[in-house]
Each structure stands twice: as C-alpha cells, then as structure tokens.
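Notes follow once the structure below has been shown.
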Amino acid sequence: MNAKKEIKDQLKRPVRDLRISVTDRCNFRCAYCMPAEIYGERYEFLDQDSLLTFEEITRITNLLVKIGVKKVRITGGEPLVRRDVDVLVKMISKIDNLADIAMTTNGYLLPKMALALKEAGLTRLTVSLDTLDDAIFREMNGRNFGVKSVLKGIEAASKVGFHPIKINSVVQKGVNDHTLTELAEHFLNKGHIVRFIEYMDVGTLNNWNMKHVVSAKEIISQIKQTIPIEPLDPLYEGEVAKRYRQINGTGEIGIIASVTNPFCGACTRLRLSPEGSLYTCLFGTKGTDLRTPIRNGASDQELVELISTTWYNRNDQYSQTRNINPAENTNKKVEMYHIGG
Ligand code: SAM
Ligand code: SF4
Ligand code: SF4
C-alpha cells in the first residue's frame, strides 16, 4: 500500500504519536490509577483471547505509520507483565519510517527485562517513581513495594545503555509533594531526567479533586529553592513537558502541566487499548473497535479508512475545556491503566 495523504483532525492536528497499551493488568495498585480496593483479587481483567495479538498490534502500527505516526510508546497497565513484550518491541522496531519506540514502566521487572528490551530495539525508557521516601512509596504503589525495587530496575536499564532515562513522578498534595527536590537531585546526579506530572482527573475511580493538584508553578518554585534552574526552549512542536535546565550543571528536569497549562492544541497522540480500540484522547469515553474488523478479515485499505475517519472526526480538547464545561465532562471516561499514560 502506498503512503496516504496526511490526515488532520477537526482542529488541524496531524497524527504523530501512538501509545499502545499492551495489557490492562499491573503488579502495582497506585491509588491514583488502579485503587487496590477496586482492583482486588476478584477483579476480572481482559482474558488472553480479548487481547490483540502481537501480529495484530504490529499490523495496526504499520498502517498508522503510513498515515503519519512517527513515534510509538508501549505502555499499559504495566507493559512488562505482558508475556514476551520484548518480542513485540522487536516486531515494531522493524517497521520502516518509525523514528522512536519508547516504553513507560513502573520499573519493577526491569532487572529481568532491560537487556532483552534493549536488544529488541527499544530506543527510550520512562520509569515511574513518585518519591524516594520508602514509606510514602510503599503506600502510593498500593502493594508495599519498596523504592529499592524500582531503583534496581533503573540501574539495570542504565547498565544496558538506556540513557538518559526519564523518571515520571505524579505529584499529589499532602502525599509526596514535600519530597520532590530530593527526587530531582538524586536523578540529576545520575544524568537522568525527572518529569513531575500534575495529578490528573483521568478515569473515574481515583476521587480526583483539584485540591489534590500541585500546580507546575508551585512545583517549580519548590525546586528552585534548592536547585537553580531556568526554562529551556521546546525541542519540537507539541512537546508535552516544559523543560528546565540546571544552571550550575548539565542536568534537566521537566514539568507536565496537563491540568494548569493544557496542551490540547498541539496534541497529536492516538491510543490503542489492549483489546484493540482506538482512543483519540486520554479522557475519551468511547473507542473505535479495530479488533472486530481485523478478525472478520478486513483489508489494509478498509482498516486505513476506519482509522483515518476516526482521526478526521476528532475534536478532543478535554483538558482545555474541563473548567469551562464541567457539565460536559461527566460521561464515564476510560481508565488510565486501560489506555496508558
Ligand atoms: N504502569 C506503567 C507506569 O506506571 O509507568 C505504565 C502505565 S501508567 C498508566 C503511565 C503513567 O501514567 C505513569 O507515569 C503514571 O504515573 C501516570 N499516571 C497514572 N495515573 C495518573 C494520574 N491520575 N495523573 C497523572 N499521571 C498518572
Ligand atoms: Fe500500574 Fe502504572 Fe497504574 Fe501504577 S500507574 S497502577 S504502575 S499502571
Ligand atoms: Fe490530547 Fe486529550 Fe490530553 Fe488534550 S486532553 S492533550 S486532546 S489527550
């Protein structure tokens, strides 16, 4: 199939980034994402047959690259609990014209997986770690995992050549917001990049409230009290994190102000759920099912039509409008662990 003309959505945004959630399962139970009291032993996650196979994911990715996708991020749930996920990375890495394959992980299984991921062609890694305070971290991940287990994962990934690693920290008022500087300093010293993320109202289960959000402005002013930093220009249009440079060193930190300074205008991200639905927004309420047509024998041309129409009809700008039209924002949103960060 030849490359198609670039498709733009209703707000003239092209599709550039694909986030692939490979599982809805996770070994952690972060309260802001998958609260343990809801996702207990009896919770029914997707069964194996419902998940897209690696061949199906690769086929969809291939078609999306033909209509403009340049970067892929593998996420979840926890991507490393999907068996043989490195095999998927390898399959995707063979797709022509794809600039980047990244992964976001909680890092716990990295000691076992880092080398295989590197050899499979993963280009970049983001590890989520909200705090270095062991007691707070054990509480936040809902499974009593210590900070050391994640630090070991980061170390293992660094050893096999992932560098710099991005470290994601979701900041919640009264939970970990007094530990940010310690986290930033630790990873600045190691040459990695901490990115502080404003706590978001994703999904419907985390009892989100604006009162729990620490704004980017507050985060920056806290960091500046100890670490001299200054803003950097964006590397490319639509860059999600606002980057800051360490003035007395070579380090960098980032802030993702999805709540107080939304970036919908430049949002080029499309998300594929583990069971094969396309979501055009992190706060989407309904996806476009690709699994049924694929399993019914749809041709590449038919799938491209379906994907292109989905993108063409897109007019999402949830973060931009959440405060303007709160009444419109009451529909049941897809959960973050289901479609990835
Ligand atoms: N399990 C992997 C992990 O935690 O890195 C990948 C999936 S997780 C849903 C992707 C990212 O979303 C993580 O960095 C996580 O901290 C972030 N996240 C989850 N819930 C969030 C929320 N309510 N607000 C902001 N970020 C959130
Ligand atoms: Fe799991 Fe990641 Fe969600 Fe935490 S944020 S529960 S590690 S999917
Ligand atoms: Fe993109 Fe939706 Fe987030 Fe806006 S709210 S930046 S459209 S994912």
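The values are calculated or read from the model by the stated rules, or taken from the named source; none is laboratory data. Model, not experiment: these values are computed from the prediction. FYI the Cβ positions are ideal-geometry reconstructions off the backbone, even for glycines, and counts take in every protein chain you see. Just the protein is used for accessible areas: all its heavy atoms, side chains included, with ligands, DNA and RNA removed. Shrake-Rupley method; radii C 1.70, N 1.55, O 1.52, S 1.80 Å.
Overall, the anisotropy analysis places the chain in the rounded class: the square-rooted eigenvalues a ≥ b ≥ c of its C-alpha gyration tensor yield a/c less than 1.5. In terms of accessible area, using a 1.4 Å probe and ignoring ligands and nucleic acids, D24, D47 rank largest first as D47, D24. Highest-first packing order for the peptide set 225-234, 246-255 is 246-255, 225-234, based on the mean count of other beta carbon atoms within 10 Å.
A crude spin-label estimate for the pair R138 and M210, with each label 7 Å from Cα along the Cβ direction, gives 3.6 nm. Accessible surface computed residue by residue for region 134-274, with neighbouring protein chains in place and a 1.4 Å probe, gives 46 Å² per residue. Ligands, DNA and RNA left out, the 1.4 Å accessible surface of the chain is 48% carbon and sulfur atoms. Cross-link partners for K333 among the aspartates and glutamates, with Cα-Cα distance under 12 Å and sequence neighbours closer than 8 places in the same chain left out: D201.
Based on the mean of other beta carbon atoms within 10 Å per residue, what is the order of 192-205, 50-63, most packed first?
On the way: 192-205: 20.9, 50-63: 18.4.
Packing proxy ranking, top to bottom: 192-205, 50-63.
The slack in the chain from T53 to E6, taken as 0.36 nm per residue of separation less the alpha-carbon distance, amounts to 14.2 nm. For the chain, the share of DSSP beta bridges that are antiparallel, to the nearest 5, is 30%. Inter-label distance, E44 to D300: 3.8 nm, where each label sits 7 Å from its Cα along the C-beta direction. Residues in region 168-173 carry Karplus couplings, in order, of 8, 10, 7, 9, 10, 4 Hz; the curve used is 6.51 cos²θ - 1.76 cosθ + 1.60 with θ = phi - 60°, and Gly or Pro positions show x.
When the chain is treated as a Gaussian network with alpha carbon springs shorter than 10 Å, the biggest mean-square fluctuation among S128, S308, S299 belongs to S299. Among the listed pairs K173/K217; K66/K94; K152/K173, a Cα-Cα separation exceeding 19 Å is found for K152/K173. Using a simple spin-label model with pseudo-atoms 7 Å out from Cα toward Cβ, K70 and T260 lie 3.0 nm apart. Expressed per residue, the C-alpha convex hull volume of region 184-275 stands at 141 Å³. For the pair L235 and N27 in one chain, pulling the backbone fully straight at 0.36 nm per residue adds 71.5 nm over the alpha carbon distance.
Its Cα centre serving as origin, the chain has a Cβ charge dipole (Lys and Arg +1, Asp and Glu -1) of approximately 500 debye. Straight-line reach from K70: taking Cα to Cα under 20 Å and skipping same-chain neighbours fewer than 8 places apart, the aspartates and glutamates in range are E6, D9, D17, E55, E56, D86, D96, D100, E237, E239, D300, E305.
When the chain is treated as a GNM with alpha-carbon contacts under 10 Å, the residue of P164, P14, P293 showing the greatest mean-square fluctuation is P293.
For region 51-67 versus region 107-133, the inter-centroid distance based on Cα atoms is 23 Å.
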